[in-house]
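**Q** Quick one: this structure, given as structure tokens, is what I'll be asking you about.
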Amino acid sequence: MKIARILLAAAALAIGAGAAQAEIKKVRIGTEGAYPPFNSVDTAGKLVGFDIEIGEALCAKMKVECTFVAQDWDGIIPALLAKKYDVILASMSITDERKEKVAFTIPYYLTPGNFIAPKDTKITEITPAALKGKTIGAQSSTTGATYLEDKYKDSEIKLYPTQDEANADLAAGRLDAVLADKFVLYEWLEKSTDGKCCKFVGPDLKDVNPQGTGIAVRKEDNELREALNKAIQEINADGTFAKINAKYFPFPIN
């Protein structure tokens, strides 16, 4: 009799889990819209970029209807917690601090940090000692900003609402260097007019984003997180990720 009750309870839990999974019909995806080539807004006002295409591919695998919502970076986690959308897919680095507020999927890509500086810079080393007294820019509330504040205490750190604003001040000569994710800096250096001013300096900094880049969900939304994990594995296995990767970068980013 006891075994029968246990089996009935297990069956009820399984049915409940299946029902919870079946309830995922629509997913609202929050993204910044100001971080090209990963996410930006085109001239028609539409969200475009690597993250958007990855999101569309994941939704296709999950067989759910997805919509995208633009949100300023500084408020992107509070808006998730306020249920403005269901996930954050915005090239967000996984950090222990962020994991106190949200849950992350497995990483969907990996990126080191890098410094860039004007082409005529006298900077040859990027150690904290070498950059003492230099003015360095980064986007606020990013792993790059945290890295600078933790390690470059003798430099002047200037933080900006968007990466584009930091890059613009570098191009205008108001900064000595900028620290950000390598791939977003590559896009600016290679494909923008302003980016022709500048170059990478120093080696890749793998300790800026050691846990990779993931998709954030509310902690209670474990079924959604697991569905996203499965979809990430599927788009890697069937070549979808590689196809999207090749559209934006001439090298693999995962």
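The values are calculated or read from the model by the stated rules, or taken from the named source; none is laboratory data. Everything numeric in this text was worked out from a predicted model, so none of it was measured. Cβ coordinates were reconstructed from backbone atoms using ideal geometry, including for glycine residues, and neighbour counts include every protein chain displayed. Calculation scope for accessible area: heavy atoms of the full protein, side chains included, ligands and nucleic acids excluded. Shrake-Rupley method; radii C 1.70, N 1.55, O 1.52, S 1.80 Å.
**Q** Could you check Ala103 against (1) open to solvent by 30 Å² or more (accessible area, probe 1.4 Å); (2) in contact with a strand residue (DSSP E or B) (Cβ under 9 Å, 6 or more places away or on another chain) and say which number it fails?
**A** (1)
**Q** Quick one: in segment 168-182, of everything that is touching a Leu at 6+ places or on another chain (Cβ under 8 Å) and under 21 Å from Asn209 (Cα atoms), which residue is surrounded by the fewest Cβ atoms within 10 Å (Cβ to Cβ)?
**A** Step by step, filter segment 168-182, then rank; the result is Ala177.
**Q** Determine if segment 183-194 includes at least one residue that is among the hydrophobic types (A, V, I, L, M, F, W, C), in contact (Cβ under 8 Å) with a residue 24 or more places away in the chain, over 27 Å from Ile88 (Cβ atoms) and open to solvent by less than 20 Å² (accessible area, probe 1.4 Å).
**A** no
**Q** Something else about it: Tell me, which strands (runs of 3 or more DSSP E) wholly within segment 16-112 include 3 or more residues that are within 23 Å of Tyr160 (Cβ to Cβ) and not acidic (Asp, Glu)?
**A** Working: elements: 26-31, 39-41, 65-70, 87-93.
In segment 16-112, 39-41, 87-93 are the strands (runs of 3 or more DSSP E) which contain 3 or more residues that are within 23 Å of Tyr160 (Cβ to Cβ) and not acidic (Asp, Glu).
**Q** Right, next: On the basis of being at pLDDT below 95 and open to solvent by less than 60 Å² (accessible area, probe 1.4 Å), does Thr111 make the cut?
**A** Details: at pLDDT below 95: yes; open to solvent by less than 60 Å² (accessible area, probe 1.4 Å): yes.
So Thr111 passes the test.
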